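Shown next, in structure tokens, is the structure this report addresses.
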Amino acid sequence: MRRLAMPERVNWRARAADSGFVFHTIDGEPYWDESACYAFTMREIEEGLEAPTEELHGMALDLVGDIVASEARMRELDIPEPFWDWIARSWKNGDPHLYGRMDFAWDGHGPAKLLELNYDTPTSLFESAFFQWQWLDDQQSSGRLPAAADQYNSIYESLVEAFGAIARRLPRPFLFAAVRNSAEDQGTIDYLRDCAVQAGIECGSIAIEDIGLTADHRYTDLDDNVIGTLFKLYPLEDLFREPFGAHLPNAGTLLIEPPWKAVLSNKGILPLLWDRHRGHPNLLPAFFDDGRDALPPGWVRKPLHSREGANIQMHLPHGEHLASTGPYGGPFVRQQFHALAAHDGRHALLGSWVVGDRACGLGVREDASAITRDGARFVPHVILEEDGGVLEA
Amino acid sequence: MKRSRTVALLVMGTAPLFLAACSKESEVEGLYTSLESCVAQTNDSYTCGEAFKNAKQEAEATAPRYASREECVAAHGEGQCEARQAGSQSYFMPLMTGFLLGQMLRGGQTAGFTSSPAFKDRNGNWQRPAPGAGAGGVYRPGAATAMAPVAQQPDRAPTASRGGFGDRSGDRGAAT
């Protein structure tokens, strides 16, 4: 795993505009950053990331049945009791799921370490599946990367295939929903909808704020059609606690991601995985944590439901304390600290994509801080053999 | 090769190839599970009554026919099938559990209408006789395949309130 400086494509902003990629710059700061790329060998990708992702995904899914059947576990995960039966039912019914992203700390040496599962509302999907692919294609066409270069990225093909596989199980109408004023979230559902249309599925979209409720507690679109299937790029645990949430179990709308994802998108899955597979090379020791004791050096404390790196406390092994702000409170988990790969003060987080049940791609995010926040830049990657043949590295 | 052979966009970007796949039906056609729900939705009890009556008649002619109850139940589910007699031959057909009313509206008035029976398959998906499905006749093997899926949602329902989702994550974006 190397970080290589790369010349930017002179026309990349036009390329972004052509594909509707409007959030490449956020609040004046670059989000898409192709002034560099990460280079992996095929072996690093296949043995270091792909195989562990497949294995960890299987391990996580193996835990779901036991968790949803246990009141103690559901309580431990801070899932409100009125939703327990519904979540268990969705697992028993095998309600279809679409995608998720595992975040790893890894510098190419030793086993990659799982930091968390983003299994409910992962973003950076369009950048990973489409724009990163186009970047490689362009850089090969211009001769800056060798024709033999590759990328760990069959995300697009996997998404279209996954939509095709579940199409018949989705009651219509099928709508994609996200927060109205988030360009990034809207861009992500636009891309998912694009893939669904390519799989031959009729679908539409709605702002999450516009969803309606009928007198008999069913969810409607803006034309009063009862929503058959709702892909919601919005945290399940927030839906649970909002005014319309109480009707989720009986509204008759199929959700994607399905209710059972609430136990996997929860940081509590980390101690449960560790408990079941203690010592697994890709897992870090993790425990439930009431947040009362001081955090010892070499440990990280995360709220069960924190997203985008919010409310993380780190006590680095050499004694430094780091903390991020945010809206999330306890309960917490405590996870052993493991350093991200660092190059010139830039910390790289490896997002490993799972579509359906297939590990199928990678997106790298870089942050100046050891805590990866929502402003972390997306840096493309390439698969090169050791001596690479890169002209301007 | 570890990457997609190609990538493509249909809906996003500056030159969408076809937006029609995500656009709404232009025809006003509703799926109703009862005469009452039709009247409640359309405010047109005469047209609903005619459409319901026509659909019932058409169901006898165009519903899929099965030689045995088992075959019918396998296709439509338990409690969804009834026996029929045509001359000396008996067969089974699914219950008409809904009907479609297509309204041609002119100046807010119904200027004409179409109707069709609707049935449910074993998985609860709605289906209707495919155009040109052929009416009546003796049991035909594979007759059940002459059905087309129904895209409409039954009984559009008046929305009582909106804005009950989206508060907690607000404008900052919710996803990770």
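The values are calculated or read from the model by the stated rules, or taken from the named source; none is laboratory data. Here the structure is a predicted model, which means the values were calculated and not measured. Note that we place each Cβ from the backbone using ideal geometry, even for glycine, and neighbour counts take in every protein chain shown.
Among the helices (runs of 4 or more DSSP H) confined to segment A:1-85, the ones with at least 1 residues that are touching a Lys or Arg at 6+ places or on another chain (Cβ under 8 Å) are located at A:12-18, A:51-68.
Taking the criterion of being among the acidic types (Asp, Glu) and away from chain B (no Cβ under 14 Å), would at least one residue in segment A:119-134 satisfy it? Don't jump to the end; show me each part of the working.
Going through segment A:119-134, the residues among the acidic types (Asp, Glu) turn out to be A:120, A:127.
In the following step, the residues that additionally are away from chain B (no Cβ under 14 Å) were identified as none.
No, every residue in segment A:119-134 fails to be among the acidic types (Asp, Glu) and away from chain B (no Cβ under 14 Å).
Considering segment A:234-249, the residues that are touching a residue at least 40 places away in the same chain (Cβ under 8 Å) and under 30 Å from B:Gly30 (Cβ atoms) include one that is farthest from the other protein chains (Cβ to nearest Cβ), namely A:Pro249. Residues in segment B:147-171 that are more than 22 Å from B:Ser37 (Cβ to Cβ), among the hydrophobic types (A, V, I, L, M, F, W, C) and facing chain A (nearest Cβ under 7 Å): B:Phe165 alone. Taking the conditions (1) buried (at least 21 other Cβ atoms within 10 Å of the Cβ); (2) at pLDDT below 95; (3) among the acidic types (Asp, Glu) in turn, A:Glu257 satisfies each one other than (2). Every condition in (1) farther than 30 Å from A:Leu362 by Cβ; (2) at pLDDT 90 or above is met by B:Ser4 except one, and the failing one is (1). Just one of (1) more than 8 Å from chain B (Cβ to nearest Cβ); (2) out of contact with any Phe, Trp or Tyr (no Cβ under 9 Å at 6 or more places or on another chain); (3) surrounded by fewer than 20 Cβ atoms within 10 Å (Cβ to Cβ) fails for A:Asn181. It is (1).
Can you tell me which of (1) surrounded by fewer than 21 Cβ atoms within 10 Å (Cβ to Cβ); (2) of a type in the set (Asp, Glu); (3) not in a loop (DSSP other than H, G, I, E, B) is the one A:Asp374 doesn't meet? Tallying (1) surrounded by fewer than 21 Cβ atoms within 10 Å (Cβ to Cβ); (2) of a type in the set (Asp, Glu); (3) not in a loop (DSSP other than H, G, I, E, B), A:Asp374 fails exactly one: (3). For segment A:258-360, the strands (runs of 3 or more DSSP E) that sit wholly inside it and include 2 or more residues that are touching a residue at least 24 places away in the same chain (Cβ under 8 Å) and aromatic (Phe, Trp, Tyr) are A:286-289.
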